[in-house]
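What follows is calculated from the coordinates using simple rules that are stated; it is not laboratory data. As the structure is a computational prediction, the values presented were derived from the model and not from experiment. Neighbour counts run over all protein chains shown; Cβ positions are idealised from the backbone, glycine included.
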Amino acid sequence: MARRRKDQPTDSSFYRAAFRWMGIGFEFLFVIGFFVFIGFWLDKLENTSPGWMILGFFIGFAVMMYIVVKRAKITERELDEDEGQDDETSQ
């Protein structure tokens, strides 16, 4: 369901966070693709299709999950700091 214009957030932090996570999605795609490509290349080199490619997928996925969790913690910390600053200015 489409939102009405007055219901949309006007704060730029909402859009900044949305673009940040969209960028992480693209990074997820590229990192996994890179590891799958390396696995594909190793499969062609050793004639072991699709073993290395599958291993490359799981390694790329694990690396990106680590990065996503790390960035989520950083984002959460930033939000907590922003809320703390808002509380101080309102007092």
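Normalising the average separation of contacting C-alpha pairs (under 8 angstrom, six or more residues apart) by the number of residues puts the relative contact order of region 23-85 at 31 percent. For region 50-57, the Karplus equation 6.51 cos²θ - 1.76 cosθ + 1.60, evaluated at θ = phi - 60°, returns couplings of x, x, 5, 5, 5, 4, x, 4 Hz by residue, with Gly and Pro reported as x. Per-residue 3J(HN,Hα) values for region 18-32, derived from phi via the Karplus relation 6.51 cos²θ - 1.76 cosθ + 1.60 with θ = phi - 60°, read 5, 5, 4, 6, 5, x, 5, x, 5, 5, 4, 4, 5, 5, 5 Hz in sequence order (x marks Gly and Pro).
Each label point was placed 7 Å from the Cα along the Cα-to-Cβ direction; for residue 71 and residue 17 their separation is 1.5 nm.
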